[in-house]
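Since the structure comes first, as structure tokens, the remarks are kept for the end.
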Amino acid sequence: MYYETDTETSDHSPTARAATHDAAVVARTAVTVGRHVHTALAAGPPAGEKVLLLHGFPQFADSWTDQLTCLARAGYRALAVDQRGYASDARPGRVADYTVDRLVGDALAFSQALGGGPFHLVGHDWGGLVAWALATEHPELLDSLTVLSTPHPQAIAAALRSDPDQARRSAYVQRFRQPAGVAEADLLADDGAVLRRVYGDSLPPDRIDSYIARFAEPGALTAALNYYRALPETLTVPSGRIRVPTLYIWGDQDGALGRTAAEGTGAWIDAHYRFEVLEGAGHWLPDEHADRVDPRLLAHLAAHSRGGHAAGRSDG
């Protein structure tokens, strides 16, 4: 069930103009999935085309604040949800509760909260992995797919086998997969000093402080790390051919996800595909490079609205 308080009008009176402005305001809301209640942020007119945004680690739904505002102003109905484990009332205790199939199931439920029917899917980092998996299994539900930073899971797997640089970049995953408590203690010690270094100076200090405080809540960081612990020993995410119009945006200074996997992603797309490289950009694309991400996202969504899909392919 989805709770919201927005109203909609269709004329051009001062009241209608005010409502249009209000629709661009990002509002706190909640999405209930079974026994779990997920905190969320929503913006845009209820009748707009639907966009679901999935955040990554170690962030929350508010990492999409710039995109929510941008999408709402363009007339889309956008929803960003604190995923399983990140919302305090959606935090099961078992590692097995964080497998990719469960995360995909959550995302499908979130899309129903938008009103059901086809939607545009946007993901970053772990949200990108979930997005690739969902697009593989349910292409009929998507108008388009946009992934920031995270290559296709099969391209990552291939790079891990063939590229020592990607193996080095991904070494942190095994540290995160240590038994519960080990990585948590390391990341949160000294007021989250290690976690703060992960963010670097790419995010606003007040947002970093907020993230550290939220991860310090009992069980919060353990739940987020359980995404990694729930992966099989091969570290593979279930995924395959993508038959949805896809935009993939990658920063060439990403410290975790290298060029081999990024450039290999296109081999898995059997639909319109655009690969955008943001020169000089690192991993935190939604926050740090909204001015470059947002126009590309809007152009992709407009090209693949329900009015008709564009044809062709662009790898660069």
| field | In region 133-165, the residues that are crowded, with 23+ Cβ neighbours inside 10 Å and not in a strand (DSSP E or B) | value | Leu134, Ala135, Ser149, Thr150, Pro151, His152, Pro153, Ala155, Ile156, Ala159
| request: Among the numbered conditions (1) more than 25 Å from Leu71 (Cβ to Cβ); (2) in a helix (DSSP H, G or I), tell me where Arg296 comes up short. | output: (1)
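Quickly run through region 204-251 and pick out the residues that are of a type in the set (D, E, K, R) and open to solvent by 50 Å² or more (accessible area, probe 1.4 Å).
Of everything in region 204-251, those that are of a type in the set (D, E, K, R) and open to solvent by 50 Å² or more (accessible area, probe 1.4 Å) turn out to be Asp206, Arg207, Asp209, Arg214, Glu217, Glu233, Arg241, Arg243.
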| task | State which residue pairs qualify: first residue more than 14 Å from Glu288 (Cα to Cα) and among the aliphatic types (A, V, I, L, M) and inside region 200-214, second residue loosely packed, with under 15 Cβ neighbours inside 10 Å and modelled with pLDDT of 95 or more in any location, beta carbons under 9 Å apart, and separation of 6 or more residues or different chains. | result | Ile212/Asp191
| request: Identify all residues within region 67-91 that are surrounded by 24 or more Cβ atoms within 10 Å (Cβ to Cβ) and among the β-branched types (Val, Ile, Thr); write none if there are none. | output: Val81
| Selection from region 250-270 of residues that are within 18 Å of Gly123 (Cα to Cα), hydrophobic (A, V, I, L, M, F, W, C) and in contact with a helix residue (DSSP H, G or I) (Cβ under 8 Å, 6 or more places away or on another chain) | Trp250, Ala256, Leu257, Ala261, Ala262, Trp268
| Hey, among Arg274, Arg241, which residue is of a type outside the set (A, V, I, L, M, F, W, C) and more than 29 Å from Ala96 (Cβ to Cβ)? | Arg274
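So is Leu141 under 17 Å from Leu103 (Cα atoms) and aliphatic (A, V, I, L, M) or not?
yes
Among the listed residues Ser111, Ser149, which satisfies the condition of being out of contact with any Lys or Arg (no Cβ under 9 Å at 6 or more places or on another chain) and at pLDDT 95 or above?
Details: Ser111 fails: out of contact with any Lys or Arg (no Cβ under 9 Å at 6 or more places or on another chain).
The match here is Ser149.
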| task | Considering only region 275-290, state which residues are among the hydrophobic types (A, V, I, L, M, F, W, C) and in a strand (DSSP E or B). | result | Phe275, Val277, Leu278
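The values are calculated or read from the model by the stated rules, or taken from the named source; none is laboratory data. The shown structure was predicted, so the numbers you read here are calculated from the model rather than taken from an experiment. Ideal geometry is used to build each Cβ from the backbone, glycine not excepted, and the neighbour counts take in all protein chains shown. Surface areas here come from the heavy atoms of the whole protein model, side chains and all, with no ligands, DNA or RNA. Shrake-Rupley method; radii C 1.70, N 1.55, O 1.52, S 1.80 Å.
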